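The values are calculated or read from the model by the stated rules, or taken from the named source; none is laboratory data. These numbers come from a predicted model, not from an experiment. Cβ placement follows ideal geometry from the backbone for every residue including glycine, while neighbour counts extend to all protein chains displayed.
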Amino acid sequence: MANGVLKKLPEDLVCLILLTFPVKSLMRFKCISKTWSILIQSTTFINRHVNRKTNTKDEFILFKRAIKDEQEEFRDILSFLSGHDDVLNPLFADIDVSYMTSKCNCAFNPLIGPCDGLIALTDTIITIILNPATRNFRLLPPSPFGSPKGYHRSVEGVGFGLDTISNYYKVVRISEVYCEEDGGYPGPKDSKIDAFDLSTDSWRELDHVQLPLIYWLPCSGMLYKEMVHWFATTDMSTVILCFDMSTEMFRNMKMPDTCSVTHKQYYGLVILCESFTLIGYPNPVSPIDPAHDKMHIWVMMEYGVSESWIMKYTIRPLSIESPLAVWKKNILLLQSSSGLLISYDLNSGQAKELNLHGFPDSLSVIVYKECLTSIQNGSEYSTKVQNF
């Protein structure tokens, strides 16, 4: 019957109809007929589905947090959530990914992305690429690059995105290599950059470049317009370090002129109404002075032009560890110092504690839209794509 209907409808019309369905339905439709299966799995259809017109109702949330067990080890949990009326509900059961990540550290296990519906979950050793919509994932081989004897290699920044020139996805990591001087203090540092190409299924080291000193914050490593962004310090100021995923070139972007450079100010990067956005918030370990300490939100009106920063919001200080993401264009998702997930409505000024929590400083959130993007398999002797 399906084949009979298909023969009567133009292929373009069938494609347009299928593009209106969610991923879960499309996965089932592949079983209806060989024609539909070929169409839904085609590169053209997947690209059109990625670029289809959507709205905030199509946004989902991937929520990661750590829980400390009786053995004093950390368990990393992934929750797949949908939202309605500012309430987050589970799409399906939580997944324990502790076997994929470090059990000794919970502060550096960030979610990075999304890029065409794909997300990276990483720590200093392990990297997982996953598609929450299709529930596929792949554990990447560990990087073979270490450090000379007597030196240490510390991963400070991770990025994930699409190389649009070669049309493949890659992971990039920036590490600081240093030796320990007498007294246990780090000696001179040198930056090392390695990248994993999903097309070649291999790690490689990038040519040596002199970089400012990167420092990790929970809301960094953001992908925007094919660039990954981290925070870094020079001799004079804090800058946003940008990395082009296609050309593999670095450059520094200036912060707004009104940004404070004192130790009492922390920063995060988000996308607000499709614009590159910087959030300044009080240092979580310092006492808050409501009269002077505020949260400031700057929007870059023309990406890459430092003179185009404008201060969009100044809001009351909140007792938070860090911002995490923007949901539904006007809701900030934040983590509290106690490990609670908090929402803050930029329009109404109302803050809510959501019924989601984890070990302090372990929360990570990605707002994504469902996509059919597939994860490339490894080579014959490498890791394979699996299902949650």
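Values as computed for the structure displayed
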{"read-out": "Filter result (part of a helix (DSSP H, G or I) and either of a type outside the set (Ser, Thr, Tyr) or farther than 24 Å from Val87 by Cβ (or both)) within segment 39-69", "value": "Leu39, Ile40, Thr43, Thr44, Phe45, Ile46, Asn47, Arg48, His49, Val50, Lys57, Asp58"}
{"read-out": "Selection status of Tyr267, part of a strand (DSSP E or B), within 30 Å of Gln41 (Cα to Cα) and touching a residue at least 12 places away in the same chain (Cβ under 8 Å)", "value": "no"}
{"read-out": "Residue match in segment 31-38 (condition: in a loop (DSSP other than H, G, I, E, B), surrounded by 13 or more Cβ atoms within 10 Å (Cβ to Cβ) and at pLDDT below 85)", "value": "yes"}
{"read-out": "Residue in segment 217-234 that is modelled with the highest pLDDT, counting only those that are surrounded by 20 or more Cβ atoms within 10 Å (Cβ to Cβ), assigned to a loop (DSSP other than H, G, I, E, B) and touching a Ser or Thr at 6+ places or on another chain (Cβ under 7 Å)", "value": "Cys219"}
{"read-out": "Segment 352-388 - residue that is outside any loop (DSSP other than H, G, I, E, B) and of a type in the set (Ser, Thr, Tyr) and, of those, nearest to Val23 (Cα to Cα)", "value": "Tyr368"}
{"read-out": "Residue in segment 179-193 that is closer than 30 Å to Glu72 by Cα and either at pLDDT 85 or above or crowded, with 21+ Cβ neighbours inside 10 Å (or both) present", "value": "no"}
{"read-out": "Lone unmet requirement of (1) surrounded by fewer than 21 Cβ atoms within 10 Å (Cβ to Cβ); (2) in a strand (DSSP E or B); (3) of a type outside the set (Phe, Trp, Tyr) for Asn347", "value": "(2)"}
{"read-out": "Those residues of segment 70-83 which are assigned to a strand (DSSP E or B) and of a type outside the set (D, E, K, R), in sequence order", "value": "Phe74, Ile77, Leu78, Ser79, Phe80, Leu81, Ser82, Gly83"}
{"read-out": "Qualifying residue in segment 302-309 (condition: within 19 Å of the chain's Cα centre (by Cα) and surrounded by 14 or more Cβ atoms within 10 Å (Cβ to Cβ))", "value": "no"}
{"read-out": "Single condition Glu321 does not satisfy, out of (1) of a type in the set (D, E, K, R); (2) over 20 Å from the mean Cα position of the chain (by Cα); (3) crowded, with 18+ Cβ neighbours inside 10 Å", "value": "(2)"}
{"read-out": "Top-ranked residue of segment 126-164 - restricted to ones that are touching a helix residue (DSSP H, G or I) at 6+ places or on another chain (Cβ under 8 Å) and outside any strand (DSSP E or B), ranked as modelled with the lowest pLDDT", "value": "Ile126"}
{"read-out": "Within segment 84-93, considering residues that are assigned to a strand (DSSP E or B) and in contact with a Leu (Cβ under 9 Å, 6 or more places away or on another chain), the one modelled with the lowest pLDDT", "value": "Val87"}
{"read-out": "Test: residue in segment 207-216 that is in a loop (DSSP other than H, G, I, E, B), modelled with pLDDT under 90 and in contact with a Leu (Cβ under 9 Å, 6 or more places away or on another chain)", "value": "yes"}
{"read-out": "Any hit, segment 286-299, residues being more than 25 Å from Ile366 (Cβ to Cβ), out of contact with any helix residue (DSSP H, G or I) (no Cβ under 7 Å at 6 or more places or on another chain) and not in a loop (DSSP other than H, G, I, E, B)", "value": "no"}
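Yes/no per residue for (1) of a type in the set (S, T, N, Q); (2) in contact (Cβ under 8 Å) with a residue 40 or more places away in the chain:
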residue: Glu180; (1), (2): no, no
residue: Trp203; (1), (2): no, yes
residue: Val209; (1), (2): no, yes
residue: Ile214; (1), (2): no, yes
residue: Cys219; (1), (2): no, yes
residue: Glu226; (1), (2): no, yes
residue: Trp230; (1), (2): no, yes
residue: Thr234; (1), (2): yes, no
